[in-house]
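These notes are about the structure you will find just below.
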Amino acid sequence: MSDLAAFRREVSDWCESHVPAGWRAAQTGAPDAEFVAFQQWWFAELKAAGYAVPHWPAEWGGGMPAAEQAVLYSELAAHDAPRLVLQFVGLHHAAATLLAAGTDEQKARHLPAILDGEIWAQGFSEPEAGSDLAGLRTLGCRSGEGFVVNGQKLWASGAAHAGWCLLLARTDPAAPKRHGISYFLLDMRSPGVEVRPIRNAMGESHFCEIFLTDVLIPQSCLVGPENGGWQVAQATLGAERGMTMLELAERLGNAGFRWLVSACAAAGALGDSLADDRLAAFETEIAALRSLCARIVMGHESGTAGPADASVVKLYYSELLQRMTDFGLEVSGLPAHAVLRKPASSGWESGAWLLDFIGSWEWTIPGGSSEIQRTIIAERGLGLPRG
Amino acid sequence: MFADLHDELRAVARDLLTARAPDWGLLAASGWTGLEVPESLGGAGATFAETAVIAREMGRAATRSPYLGAVVLGVGTLLLLEPGPVRDDLLRQAAVGEAVPVVVLPVAADFRVGVTSASPASFVPDAAEATDLLLLTRDEDGQPAVVALPAGSAAASVIAQPVVDETRRLATVTVDESALAGAPALRFAGDPGDAVRRLGDRAAVAIACDSLGLMEAMLDATVAYAKVRHQFGKPIGSFQAVQHACADMQVQVSVGRELVSSAVTAVASGDPGAWVAAPMAKSHVTAAAVDVVGKAMQLHGGIGYTWESGIHAYLKRAALNRSLFGSPAEHRRRLAARYA
């Protein structure tokens, strides 16, 4: 048995004994506090097994080879394990930023804390800076040993639970817009920080607005050079996308497709040539997505990834998710409309088809909308002239 | 290592295939007709993975050549047979380009065995250019087997079937069973049913490779054109509508590459997973190619609709590929049979 096959067996055995059988039912309609407690509990379980931060460097508790990480995520998906939702920004985006551009002090302060359950949010977008992120207006003014920040951030996922926030603010209004932005670590307990949840299309409130009024950020919380924040953000924004996309693709290929087949079976449509044809087409597209993600992960490892590879995957995944959940909804008919809650801690495909379908816009809009991804593919990938 | 080898093969193929209809002797001299023929019979002893590289490049160049019928399928069939003088001789001659052995099989997804007078084989690739015909038939025990006939034999009539796509040569083959009686059947090595399935997968995946090549060529051509064609004082490639259509083409190409790569690997290694990977590649990539080539025609504007531009040849070939060896719906039916 190869090392990889042995590792697959190890993870599979671990999942058999650790994934709680009834977690979906328990998480369906669970109050916020229960969701948070469950997320922290599951994170601690993964941490104890050495599966929480496989993508971090060995000195910070990770160091798992990419091929093993791929196996880990595929087994977690195959066993329908809960997803880490609350810790996502901390584990991926904050960690990648700290590792790439943080000072030794910043790394030592935050990486172990993230491993202990510190929750992070991302304060990038603003009411007037969505797709045109570089047009952000939140202002950071030098003041003594730090910066005084004023402004408003939008779409900060999980900010209501976050202890810290990745923040972009304009620190040189006179400079060209991409050269006047600084990157900060914001302590959410600072005076002047106010968080208001926004109810989204699904009825959930994990997105937040963050209002910043004369918030003092010390110099020690500046990441990278002053006014060099845009470059730091660009370097770290897509850095973790390969492996996180692989996890999502595995989930779509496991639970997601199984639910689609059972939705057809429940509707008596299995064996119907039209339904069968659609199912086979989705199975094919998922197979392609999974193999695309695996290639991108290996491309990151070997440094051969193309400039628009991450955009191709994000675009394809999000639109496939949307089409698949739409089909699940269509085939399920009216009963899907009577499913009022989806389980928290689940993936984007939970089998609550209407809510999953509506939730799929959370993939085609944020993180660079599908339109922005197509422009990136055209300009950076194919080298077409800038519009 | 294999990746390097394939890159080299691809580069040579791209140079050689600039002619619309390359000379068969030239292909043989380049070693392409004998790629998979064992070294002991004068071939290169390579695998389907290398044949697939050529198939993709022939799609890219929309090459007119009996390579599909003779090498992908003819040699492919011979390799599945038990060794013996007839088989070995044909392989030896095919490797040096003297024989063009074309397999006669129904071009549907189910690979129904047995061409008869009552049910001729239609749309058989390259049969009219064959030196030898390999009839997929049944032996006295009812098992699938092959009968080899020289072209021009009274037992088989081959009538060219013109099609709109001028880059492919198809034919209708009718067999006279009475004249066939007594012809020795060549047996498949191993389970004959399995051999026929593998042959079907080879055919499907080779066509998917061809369609991937068509898509890649049309994406490249469209991007190049969009950079130089100016309207409203700007290159059309700077307009978002054009950019986004090109991005969609790129996504289709990326997805197609993954499906083809998985299917080629499975077929080349004899992996039973080819039973799933082959219909996935065939159904998705051949349909995507029609879409991508159609976008190429659209984005080239008026010039794309002219005969001169040659894009029509890609569109016709992409459409033919979609129907050859089983429609997308037929291949998805095979996949869906696993869900019940």
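Taking the centroid of alpha carbons for each part, region A:184-228 and region B:192-216 are 55 Å apart.
Largest first and in whole Å, the equivalent-ellipsoid semi-axes of the protein assembly as shown read 55, 28, 23, each the square root of five times a Cα gyration tensor eigenvalue. In a simple Cβ point-charge model (Lys, Arg +1; Asp, Glu -1; nothing else charged), the protein assembly as shown has a dipole of about 1580 debye relative to its Cα centre. Maximal additional length on extending the A:SER302-A:ASN200 stretch stands at 32.8 nm, based on 0.36 nm per residue less the C-alpha distance. Modelled spin labels at A:THR213 and A:ALA100, positioned 7 Å past Cα toward Cβ, are 3.5 nm from each other.
For the residues of A:272-279, the average number of beta carbons from a partner chain within 10 Å of their own beta carbon is 4. Amide H contacts of A:ILE198 (H built 1.01 Å from N, in plane; Pro and chain starts excluded): A:PHE207, A:CYS208, A:GLU209 sit under 5 Å, all sequence-distant by 5 or more or on other chains. Among A:TRP41, A:TRP363, the order by Cβ neighbours within 10 angstrom, fewest to most, reads A:TRP41, A:TRP363.
Counting only whole DSSP H helices of chain B, the ones at least 20 Å long by C-alpha along their axis and with mean Kyte-Doolittle hydropathy no lower than 0.0 are B:192-228, B:240-268, B:274-299.
Shielding by partners for B:329-338, please: the mean number of other protein chain Cβ atoms within 10 Å of each residue's Cβ. Could the numbers behind the result be given before it?
Values: counts 6, 0, 2, 9, 4, 1, 8, 14, 3, 4.
Across the residues of B:329-338, the mean count of other-chain Cβ atoms within 10 Å is 5.
Across A:LEU321, A:LEU334, A:LEU76, mean-square fluctuation computed from a Gaussian network of chain A (C-alpha pairs under 10 Å connected) peaks at A:LEU334. If the reach is capped at under 17 angstrom between alpha carbons, list the lysines near B:LYS295, excluding any in the same chain fewer than eight residues apart. Hits, sequence-local ones excluded: B:LYS227, B:LYS316.
Note on chain B: GNM, Cα springs under 10 Å; of B:VAL228, B:VAL75, B:VAL12, the largest mean-square fluctuation is that of B:VAL228. Per-peptide packing, taken as the mean over residues of other Cβ atoms within 10 Å, places A:245-252, A:145-152 in the sequence A:245-252, A:145-152 from highest down. When the Gaussian network model of chain B links Cα atoms closer than 10 Å, the mean-square fluctuations of B:LEU259, B:LEU26, B:LEU219 top out at B:LEU26.
Using only side-chain charges placed at the Cβ, +1 for Lys and Arg and -1 for Asp and Glu, the dipole size of region B:192-336 relative to its Cα centre rounds to 200 debye.
Taking the fewest neighbouring Cβ atoms within 10 Å as the starting point, the ordered list for B:LYS316, A:LYS47 is A:LYS47, B:LYS316. Relative contact order, whole percent, for region A:95-235 stands at 26, derived from Cα pairs under 8 Å and 6 or more residues apart.
The value of relative contact order for chain A, using C-alpha pairs under 8 Å at least six residues apart, is 16 percent.
Approximating the spin labels as points 7 Å out from Cα along Cα→Cβ, the B:ASP7-to-A:ASN150 distance works out to 5.7 nm.
In whole angstrom, how far apart do the alpha carbon centroids of region A:60-98 and region B:228-261 sit? Here the answer is 33 Å between Cα centres. Shown is the FRET efficiency for A:ALA48 and A:ALA235, computed with R0 = 25 Å from the Cβ-Cβ distance and rounded to the nearest 0.05: 0.20. Extending 7 Å from Cα along the Cβ direction at B:SER323 and again at A:ARG258 yields two label points whose distance is 4.2 nm. Note on B:255-264: average number of Cβ atoms from other chains within 10 Å of each residue's Cβ is 4. Can you give the relative contact order of region A:238-381 as a percent, counting alpha carbon pairs under 8 Å and 6+ residues apart? Rounded, it is 30 percent for region A:238-381.
Read-outs: derived from the displayed coordinates by stated rules, not from any lab. Small disclaimer: the values here were computed from a predicted structure and weren't measured. With ideal geometry, Cβ positions are generated from the backbone for all residues, glycine too; neighbour counts draw on all protein chains shown.
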